[in-house]
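**Student:** The structure under discussion is supplied below as structure tokens; questions concerning it will follow.
The values are calculated or read from the model by the stated rules, or taken from the named source; none is laboratory data. Since this is a predicted model, take the numbers as computed values, not measurements. All Cβ positions, glycine included, derive from the backbone under ideal geometry; neighbour counts span all protein chains shown. Areas reflect the complete protein model, heavy atoms only, side chains present, ligands, DNA and RNA absent. Shrake-Rupley method; radii C 1.70, N 1.55, O 1.52, S 1.80 Å.
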Amino acid sequence: AAIFIGRELSQKLGFHEEAWVIRARAELFGGEPISARASAEKAVQRNPNSARAQAVLGDALIRFGLKKEAEAAYRKAIELAQGTEAEKTYQDKLKRL
């Protein structure tokens, strides 16, 4: 159901990166890493300055074993989230690589 909702949301609000972030997360948790990576890339294309978009891209890239690329995405997420609660979450993801 979450994947369906994410896809509907991105179709209706495709201009907004958060719609693609939601879709990518649903696809990751739903076992669709190829679709998740494409959705995460669209989220970053829509807004490269979105920490959430960068983080979900890192999550998707790690599923393909692309550690360097995932590290870069997590570092960007950390930079963009400085001073927020999310910063620690992204730091933890980076440490687990």
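**Student:** Would you please name the residue that is least open to solvent (accessible area, probe 1.4 Å), looking only at residues in the range 44-66 that are of a type outside the set (A, V, I, L, M) and within 8 Å of the chain's Cα centre (by Cα)? Break it down into steps so the answer makes sense when it comes.
**Tutor:** Of all residues in the range 44-66, those of a type outside the set (A, V, I, L, M) come to 45-50, 52, 54, 58-59, 63-65.
Going one step further and asking which of them are within 8 Å of the chain's Cα centre (by Cα), we end up with 52, 54, 58-59.
Working: ARG52: 98, GLN54: 18, GLY58: 0, ASP59: 21 Å².
Result: GLY58.
**Student:** Also: Check GLU41 against each of (1) over 21 Å from LEU97 (Cβ atoms); (2) of a type in the set (Asp, Glu); (3) open to solvent by 60 Å² or more (accessible area, probe 1.4 Å) and name the one condition it does not meet.
**Tutor:** (1) is the only condition that GLU41 fails.
**Student:** Output the residue which, of all residues in the range 11-23 that are more than 20 Å from GLN91 (Cα to Cα) and assigned to a helix (DSSP H, G or I), is most open to solvent (accessible area, probe 1.4 Å). I'd like the intermediate steps shown before the answer.
**Tutor:** Let us first name the residues in the range 11-23 that are more than 20 Å from GLN91 (Cα to Cα), namely 11-20, 22-23.
Cutting the leftovers down to assigned to a helix (DSSP H, G or I) gives us 11-12, 17-20, 22-23.
Numbers: GLN11: 135, LYS12: 152, GLU17: 32, GLU18: 48, ALA19: 5, TRP20: 21, ILE22: 70, ARG23: 45 Å².
The qualifying residue most open to solvent (accessible area, probe 1.4 Å) is LYS12.
**Student:** Suppose the filter is surrounded by fewer than 21 Cβ atoms within 10 Å (Cβ to Cβ), on the phi > 0 side of the Ramachandran plot and not β-branched (Val, Ile, Thr); does GLY83 pass it?
**Tutor:** On the way: surrounded by fewer than 21 Cβ atoms within 10 Å (Cβ to Cβ): yes; on the phi > 0 side of the Ramachandran plot: yes; not β-branched (Val, Ile, Thr): yes.
Judged against the criteria, GLY83 is a match.
**Student:** Let me ask something else. Of a type outside the set (Val, Ile, Thr), over 20 Å from LEU97 (Cβ atoms) and modelled with pLDDT of 95 or more - does that describe any residue in the range 64-81?
**Tutor:** First pass over the range 64-81, keeping only residues of a type outside the set (Val, Ile, Thr): 64-77, 79-81.
This time we only want the ones that are over 20 Å from LEU97 (Cβ atoms), so: none.
Scanning the range 64-81 turns up no residue that is of a type outside the set (Val, Ile, Thr), over 20 Å from LEU97 (Cβ atoms) and modelled with pLDDT of 95 or more.
**Student:** Taking the conditions exactly as written (open to solvent by less than 40 Å² (accessible area, probe 1.4 Å) and in a helix (DSSP H, G or I)), does GLU8 satisfy them or not? Quick ask: steps written out before the conclusion?
**Tutor:** Values: open to solvent by less than 40 Å² (accessible area, probe 1.4 Å): no; in a helix (DSSP H, G or I): yes.
Answer is no for this residue.
**Student:** Considering only the range 24-33, how many residues are out of contact with any Phe, Trp or Tyr (no Cβ under 9 Å at 6 or more places or on another chain) and either assigned to a loop (DSSP other than H, G, I, E, B) or closer than 12 Å to PHE64 by Cβ (or both)? Reasoning before the result, please.
**Tutor:** Of the range 24-33, the ones out of contact with any Phe, Trp or Tyr (no Cβ under 9 Å at 6 or more places or on another chain) are 24-25, 27-32.
Filter again for either assigned to a loop (DSSP other than H, G, I, E, B) or closer than 12 Å to PHE64 by Cβ (or both), leaving 28, 30-32.
Number of matching residues: 4.
**Student:** Looking at this structure, is GLU41 in a helix (DSSP H, G or I), more than 20 Å from ALA1 (Cβ to Cβ) and either of a type outside the set (Gly, Ala, Ser) or touching a strand residue (DSSP E or B) at 6+ places or on another chain (Cβ under 9 Å) (or both)? If you could, list the steps in order and put the result at the bottom.
**Tutor:** On the way: in a helix (DSSP H, G or I): yes; more than 20 Å from ALA1 (Cβ to Cβ): yes; either of a type outside the set (Gly, Ala, Ser) or touching a strand residue (DSSP E or B) at 6+ places or on another chain (Cβ under 9 Å) (or both): yes.
Yes; evaluated as a whole, the condition is true for this residue.
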